[in-house]
Amino acid sequence: MQLSKSAALHARAEEAADVLRALSQGEVDAIVRSDPSGHSIFTIEGAEHSYSLMVEMMSEGAATLTMDGTIIYCNPSFAKLVKGDREHIIGARMHRFLLAKGIERFDALMRHAVREPAQDVIDLLLPDGSVAITHVALAIVGVGGNQNFIQVVTNLSELTRAESARGNLARIVEASQVGIIVQDLNGIVTSCNRGAEAIYGYTQDEIVGRPISILRPADRKEDLVALVARGARGDDVLHYEAVHMRKGGRRIDADLTVVPLRDENGAIVGASTIIYDISERKRAEEQVWQMANYDFLTKLANRGVFVETLGQAIARARRSNRSFGVLYLDIDHFKDVNDTLGHPIGDLLLQGFAERLRASIRATDTAARFGGDEFAVTQADIREPADAAVLANKLLKVLSEPFVIQGNEIRTGTSIGIAVYGSDSPDAEALLSHADVALFRAKSEGRATYRFFTDAMDSEVRKRVTMVAELRQAIASGELFLVYQPQVDIRNGAIVGLEALVRWRHPTRGVVFPDEFVPIAEMSGLIVKLGSWVLHEACRQMKVWLDAGTSPPLIAVNVSGMQFKSSAQLEDEIATVLAETGLPPSRLELELTESVLMETSIQHNDVLIRLRKAGIRIAIDDFGNGYSSLDYLRRFPVDRIKIAQNFILELTSNPSNAMIVKAAIGLAHELGLFVVVEGVETAEQVALIESWGCHQVQGYRFSKPLLLPEITALLRIGKIVPLSA
Ligand code: C2E
Ligand code: MG
Ligand code: MG
């Protein structure tokens, strides 16, 4: 600022100095010199000369005319006004710059000025053909034959233009369809135009003085005040779209341009927001988008969108190591409906079908219509193929219910082909074609059913699905039972505990072992029910022995990871079971595997702490399996570790196993934990374990898991002595 001002002054002064020199033709005492900072400094002697200089520097045009109007002197502003240079102007008559009508007025003005200073508004004709409206003031100077006019000309055109421009702008702003709202820094509206009134439905009186946020739905965070503050960091004009609200609550899509308003120091004092109501455009865009992406009849996604969704699902599955299913559906004999009942009814059937489809899937799944009677569904985030089969079964059931359309009861079957995302399905199109092949098989193998893409998957899944159904039934109808395996003190054969182990008496297959059905129960979620049955049964039975005076110190129950994940429920359940059966908490031990503990978050750790506070014991089952992290012993509040069976298998032949078991026993004892060694089958193993200072074992060496009558009999004796001892 400082610099440019002085530069301008400098230039001006230099120019003036040149002129002065020319004017005075050497008679003027003008000293031109520069000060150290480069500013030119004038010293002019004599008032006359200083007036001359003043005239030179005026922004108004000034000239000296002879009595007939010939210009004998003009200042730079006059030359600029008439768009000429002084060499050519001086010597010309004023009349050269006047139109016919102007000549009359100018001559009259000259006549008037002879008597007294006079002025008039006169149009000047400029060399480029344009007209300048000017204010001309004339006065006569000098005496006798040495009289001249002096003339001052002010260009009114520029002033009027600026003035009227300002007025017009205000009128345009006021009348504009575009909304304009001005707010101060507190977000209070200080003015608005008619456009804003129309857009928002408020009158100026209603909106001025109120916070601008009344234009924004309550659920929207966007805040103009904050935006303005952000704009304060630069000169940026903010431009964005937002949902705003009309008086009365109707939503409008607004295109907003926020211009920060600044004071003369550049500080932001408010903002002016320019608003376009783009609701109509948005609606139209939305419609076009709907048409391009959704099936007109059913409002489901179309094939294009579906394939896109599949692409995203693949990307997600790759990242998360999860899978998803693609179900391809086809209405059996749909053509017959069209042929016999007509297309309008066929259309309604498709809509009804789509409606049921939509209602049967989760929010994260996508349903689409590919055209005709072909539909597809992605099933997000499945753990295993059987999950897809569960959905397929559900859809088959829901879609087989009759549709009642205009008095017609229509029953249709549906065929479903399933492909599950895996390593052999690289992209969306491949997955779809797999599902299509599977659909073909479902149709050719009798319709109203589902098929998987691969045979292996098909039979595996079928087996699983059947087993889940059977297991659910088994829990309800009492096919599960418990066996009990004693834990023994090696030194005297005393029974120090029992582990409850579940069995399934299958109606056709005989007794099924937990290795076969517990994983399936876990995957299907049935484990929660199963686990709760086991817990209840074990506690109930333990109380019976307790009352009979034959009970061992404690009973151990296995708890699966799935149960523990809903730990709040588990806590409640344990409390209820203990209350119902009357078993003291100190008699119950929960066995958790390392993998469960691995997934145990802080929150679950709290559950462990609470359970222990309640007097229940916690054991780590299968210790050393897989993770072998001794760190668990420190991190989690446990009472006992159960050293995994696979370490014991090779105890005598594999020295490193022996080392690990020995170290684990030592460490556990140091931490004050009990240790029980599982799967002990031989006398050598017993001897080794005892030599390391561990006295508790559970294994065939002492007893297999026993049925209720056997274990009840054994408990009456209270101790077991192995045969060879
Ligand atoms: P686990 O909790 O580690 O149970 C010990 C398993 O080792 C039992 O098999 C038991 O019969 C077997 N076993 C004990 N001593 C010996 C031995 O000296 N030699 C050999 N070869 N095996 C021995 P089971 O009953 O088949 O149970 C297998 C697994 O199934 C259990 O392992 C446990 O993880 C799970 N399980 C059993 N019942 C339940 C239950 O009620 N709930 C849950 N969630 N899981 C259970
Ligand atoms: Mg166990
Ligand atoms: Mg175990």
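The values are calculated or read from the model by the stated rules, or taken from the named source; none is laboratory data. Fair warning: this is a prediction, and the values are worked out from it, not measured in the lab. Cβ placement follows ideal geometry from the backbone for every residue including glycine, while neighbour counts extend to all protein chains displayed.
A compact table of results
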{"read-out": "Elements of type strands (runs of 3 or more DSSP E) contained in segment 391-453, each with 3 or more residues being over 13 Å from residue 377 (Cβ atoms)", "value": "403-405, 408-410"}
{"read-out": "Given (1) assigned to a helix (DSSP H, G or I); (2) more than 17 Å from residue 487 (Cβ to Cβ), number of the condition residue 686 does not satisfy", "value": "(2)"}
{"read-out": "Residue within segment 408-416 that is surrounded by fewer than 17 Cβ atoms within 10 Å (Cβ to Cβ) and acidic (Asp, Glu) present", "value": "yes"}
{"read-out": "Residue match in segment 639-648 (condition: more than 14 Å from ligand 3 (Cβ to nearest atom) and at pLDDT 85 or above)", "value": "yes"}
{"read-out": "Test for residue 273: is it touching a Gly at 6+ places or on another chain (Cβ under 9 Å) and among the polar types (S, T, N, Q)", "value": "yes"}
{"read-out": "Residue within segment 516-524 that is away from ligand 1 (no atom under 14 Å from the Cβ), surrounded by fewer than 15 Cβ atoms within 10 Å (Cβ to Cβ) and over 30 Å from residue 431 (Cα atoms) present", "value": "no"}
{"read-out": "Subset of segment 495-515 [of a type in the set (A, V, I, L, M) and surrounded by 17 or more Cβ atoms within 10 Å (Cβ to Cβ)]", "value": "495, 496, 498, 500, 501, 502, 512"}
{"read-out": "Test: residue in segment 264-276 that is modelled with pLDDT of 90 or more, surrounded by 15 or more Cβ atoms within 10 Å (Cβ to Cβ) and in a loop (DSSP other than H, G, I, E, B)", "value": "no"}
{"read-out": "Residues that are of a type in the set (S, T, N, Q), closer than 19 Å to residue 73 by Cα and either loosely packed, with under 12 Cβ neighbours inside 10 Å or touching a Phe, Trp or Tyr at 6+ places or on another chain (Cβ under 7 Å) (or both), drawn from segment 118-159", "value": "146"}
{"read-out": "Residues of segment 692-712 classified as assigned to a helix (DSSP H, G or I) and closer than 23 Å to residue 619 by Cα, total", "value": "1"}
{"read-out": "Lone unmet requirement of (1) modelled with pLDDT of 85 or more; (2) part of a loop (DSSP other than H, G, I, E, B); (3) under 20 Å from residue 158 (Cβ atoms) for residue 77", "value": "(2)"}
{"read-out": "Test: residue 550 is among the β-branched types (Val, Ile, Thr), in the same structural domain as residue 641 (by TED's automatic domain parsing) and not in a helix (DSSP H, G or I)", "value": "yes"}
{"read-out": "Count - residues of segment 90-117 that are crowded, with 18+ Cβ neighbours inside 10 Å and touching a helix residue (DSSP H, G or I) at 6+ places or on another chain (Cβ under 7 Å)", "value": "3"}
{"read-out": "Wholly enclosed strands (runs of 3 or more DSSP E) of segment 129-189 bearing at least 3 residues modelled with pLDDT of 85 or more and closer than 30 Å to residue 112 by Cβ", "value": "131-141, 148-155"}
{"read-out": "Index of the failed condition, residue 656 passing every other in (1) within 13 Å of ligand 1 (Cβ to nearest atom); (2) surrounded by fewer than 18 Cβ atoms within 10 Å (Cβ to Cβ); (3) polar (S, T, N, Q); (4) farther than 14 Å from residue 593 by Cβ", "value": "(1)"}
{"read-out": "Selected residue (only one of 531, 497 is assigned to a helix (DSSP H, G or I) and within 16 Å of ligand 2 (Cβ to nearest atom))", "value": "531"}
{"read-out": "Residue count, segment 662-679 (criterion: in contact with a helix residue (DSSP H, G or I) (Cβ under 6 Å, 6 or more places away or on another chain), of a type in the set (A, V, I, L, M, F, W, C) and within 14 Å of ligand 3 (Cβ to nearest atom))", "value": "2"}
{"read-out": "Residue check, residue 405 surrounded by 15 or more Cβ atoms within 10 Å (Cβ to Cβ), in contact with a Phe, Trp or Tyr (Cβ under 9 Å, 6 or more places away or on another chain) and either over 26 Å from residue 353 (Cβ atoms) or in the same structural domain as residue 361 (by TED's automatic domain parsing) (or both)", "value": "no"}
{"read-out": "Subset of segment 165-194 that is aliphatic (A, V, I, L, M) and in contact with a Ser or Thr (Cβ under 7 Å, 6 or more places away or on another chain) - its residue that is surrounded by the most Cβ atoms within 10 Å (Cβ to Cβ)", "value": "181"}
{"read-out": "Restricting segment 553-575 to residues that are over 18 Å from residue 499 (Cβ atoms) and either among the aliphatic types (A, V, I, L, M) or modelled with pLDDT of 95 or more (or both), the residue that is nearest to ligand 3 (Cβ to nearest atom)", "value": "562"}
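Let's see how each residue does on (1) in the same structural domain as residue 544 (by TED's automatic domain parsing); (2) within 18 Å of residue 489 (Cα to Cα); (3) in contact (Cβ under 8 Å) with a residue 12 or more places away in the chain:
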site: 634; (1), (2), (3): yes, no, yes
site: 642; (1), (2), (3): yes, yes, yes
site: 653; (1), (2), (3): yes, no, no
site: 660; (1), (2), (3): yes, no, yes
site: 669; (1), (2), (3): yes, yes, yes
site: 672; (1), (2), (3): yes, yes, no
site: 676; (1), (2), (3): yes, yes, yes
site: 694; (1), (2), (3): yes, yes, yes
site: 713; (1), (2), (3): no, no, no
